[in-house]
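Reviewing the structure listed below.
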Amino acid sequence: MIESLKKNKIGILLICISSICACVGQLLWKISANEGIIFLLAGFCFYGLGALIMIIAYKFGSLSVLQPFLSLNYVLSIILAATVLKEPVTIAKVIGILIIITGVMLIGGGDNK
């Protein structure tokens, strides 16, 4: 598993940055419902930047390793919702986060080429 993560580390790093950009974009879309078009446009910029970074990331790793890391969007969304929007984090969400992270590590660490 560690060997797979080392081999794909640049791609994984870029996919994680892509996920952050996409989640920030989605957060800005949510905020734009009350705050206006500037947040909507900024959301599109962040989301688009995330998509571009994702495309670049695919040059630096296996699809079967990188694609599961996009599931971290769910984890990041919960963290942003809790910290920025003050949404509650339930025990069910914490369990879900742990399951997602475990799954990503199991799938993402399985590249044995």
* Examine the stretch 63-73 for a residue that is touching a residue at least 24 places away in the same chain (Cβ under 8 Å), touching a helix residue (DSSP H, G or I) at 6+ places or on another chain (Cβ under 6 Å), part of a helix (DSSP H, G or I) and not hydrophobic (A, V, I, L, M, F, W, C), and state whether such a residue exists. => yes
* **Residue in the stretch 32-43 that is under 16 Å from Ile20 (Cα atoms), of a type in the set (Phe, Trp, Tyr) and surrounded by 14 or more Cβ atoms within 10 Å (Cβ to Cβ) present** => no
* Asked: Could you give every pair whose Cβ atoms fall below 7 Å, whose first residue belongs to the stretch 16-31 and is of a type in the set (Phe, Trp, Tyr), and whose second residue is buried (at least 18 other Cβ atoms within 10 Å of the Cβ), counting only separations of at least 6 or pairs across chains?
  -> Trp29/Gly43
* Ser71 being under 20 Å from Ile10 (Cα atoms) and either surrounded by 13 or more Cβ atoms within 10 Å (Cβ to Cβ) or of a type in the set (Phe, Trp, Tyr) (or both) -> yes
* Could you check, for the stretch 4-17, whether at least one of its residues is within 16 Å of the chain's Cα centre (by Cα) and among the polar types (S, T, N, Q)? => no
* Candidates Ala92, Ala51, filtered to the one that is among the small types (Gly, Ala, Ser), more than 30 Å from Lys7 (Cα to Cα) and either surrounded by fewer than 16 Cβ atoms within 10 Å (Cβ to Cβ) or under 17 Å from the mean Cα position of the chain (by Cα) (or both) -> Ala92
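Here, each number is a calculation from the coordinates, and none is a lab measurement. All figures in this text were calculated on a predicted structure; none of them were measured in a lab. When we count neighbours, we look across all protein chains shown, and the Cβ atoms used for this are built from the backbone with ideal geometry, even at glycine.
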